[in-house]
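Undergrad: The structure's right below; bear with me while I get my questions together.
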Amino acid sequence: MNRIAIFPGSFDPFHIGHESIVRRALPLFDKIIIMIGYNVNKKSFFDIEKRMKWINQVFDGIDKVEVRIHDGLTVDFCKEVDAAYILRGLRTSADFEYERAIAQVNKKMHPEIETVFLLTLPEHTPINATIIRDIVLHGGDATQFLPKNLDMNEFKLNSK
Ligand code: ADP
């Protein structure tokens with residue numbers, strides 16, 4: 001049986017904390033689908049096509065990783081792509097409490113889907129997309145928090 005996991009998030013932008021979770025989870029699954037959650041009513045910082053392109057760049061050549069956009073519930077997307085696992089990263093106890101509730105409700109409604117958590121590497125604990133957006137917004141250099149094989153020029157020039 002194919003072990004397919006979804007890694008859902010807004011990834012606005014995708015940073016080294018996200019990248020690390022995906023790379024560390026690769027040996028556990030046959031396929032990881034990075035699901036960029038899309039919400040028409042929520043304004044994003046980087047447009048969705050750009051986010052998708054960047055994530056594809058990061059995992060270029062790794063066939064086990066796919067990037068998709070989904071508007072709706074993660075569990076519905078799991079069914080659509082036949083995934084039995086939802087992958088999430090945990091940084092802090094605040095993450096844990098937030099994730100626990102979602103995972104337990106999902107489990108209650110869809111017992112066949114397991115949520116799998118990986119603890120962040122200690123050095124990635126303080127990294128989050130909000131801080132990176134703030135750095136970019138104010139003209140700072142966020143390179144050290146972003147995956148290595150990203151086209152940084154494009155990142156800077158095209159950010160809003
Ligand atoms: P969301 O919109 O659900 O907050 P994010 O794009 O911020 O989505 O994050 C997607 C996933 O990546 C979540 O499971 C989140 O906990 C995890 N994540 C975010 N930042 C980090 C980090 N620095 N280290 C490890 N995991 C992280």
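The values are calculated or read from the model by the stated rules, or taken from the named source; none is laboratory data. The model shown is predicted, which means the values in this text are computed figures rather than measured ones. Neighbour counts are summed over all protein chains in view; Cβ atoms, including those assigned to glycine, are modelled from backbone coordinates with ideal geometry. Protein only, heavy atoms only, side chains kept; ligands, DNA and RNA dropped before computing areas. Shrake-Rupley method; radii C 1.70, N 1.55, O 1.52, S 1.80 Å.
Undergrad: Could you sort Tyr38, Tyr85 by their accessible area in this structure, using a 1.4 Å probe and putting the largest first?
TA: On the way: Tyr38 95, Tyr85 60 Å².
Output order, biggest surface exposure first: Tyr38, Tyr85.
Undergrad: Please report, in debye to the nearest 20, how large the charge dipole of the chain is about its Cα centre when each Lys and Arg carries +1 at its beta carbon and each Asp and Glu carries -1 there.
TA: Details: 21 positive and 22 negative charges, 35 e Å.
The dipole of the chain has a size of about 160 debye.
Undergrad: Can you tell me the relative contact order of the chain? Whole percent, Cα pairs under 8 Å, sequence separation 6 or more.
TA: It rounds to 31 percent for the chain.
Undergrad: Here is a further query. Using the Karplus curve 6.51 cos²θ - 1.76 cosθ + 1.60 with θ = phi - 60°, work out ³J(HN,Hα) for each residue of the stretch 123-134 in order, rounded to whole Hz, and write x for Gly and Pro.
TA: 6, 9, 4, x, 7, 9, 4, 4, 5, 4, 4, 5
Undergrad: Take every Cα pair under 8 Å in the stretch 1-48 that's 6+ residues apart, average their separations, divide by the length, and report that relative contact order as a whole percent.
TA: Normalised by residue count, the contact order of the stretch 1-48 is 53 percent.
Undergrad: How much net charge surrounds Lys31 when only other residues with a Cβ under 13 Å from its Cβ are counted (Lys, Arg +1; Asp, Glu -1)?
TA: -1
Undergrad: How much of the accessible area of the chain, probe 1.4 Å, is carbon plus sulfur, in whole percent?
TA: 55
Undergrad: Let me ask something else about it. Which value at 222 nm does the chain reach when only helices count, each DSSP H run of 4 or more adding -39,500 (n - 2.57), with the total divided by all residues and rounded to the nearest 500 deg cm²/dmol?
TA: -11500 deg cm²/dmol
Undergrad: What is the helix-to-structure angle for 48-58, meaning the angle in degrees between its Cα long axis and the longest Cα principal axis of the chain, kept from 0 to 90 and rounded to the nearest 10?
TA: Here the helix axis deviates by roughly 90 degrees.
Undergrad: Arrange the residues Thr120, Thr130 by how much accessible surface each exposes, largest first, with a 1.4 angstrom probe.
TA: Largest accessible area first, the list is Thr130, Thr120.
Undergrad: Given a 1.4 angstrom probe, what's the average accessible area per residue across the stretch 4-159, in square angstrom?
TA: It amounts to 54 Å² per residue over the stretch 4-159.
Undergrad: Check Val116: other-chain or 5+ apart residues with amide H under 5 Å from its amide H, H built from backbone geometry?
TA: Ile86, Leu87, Arg88
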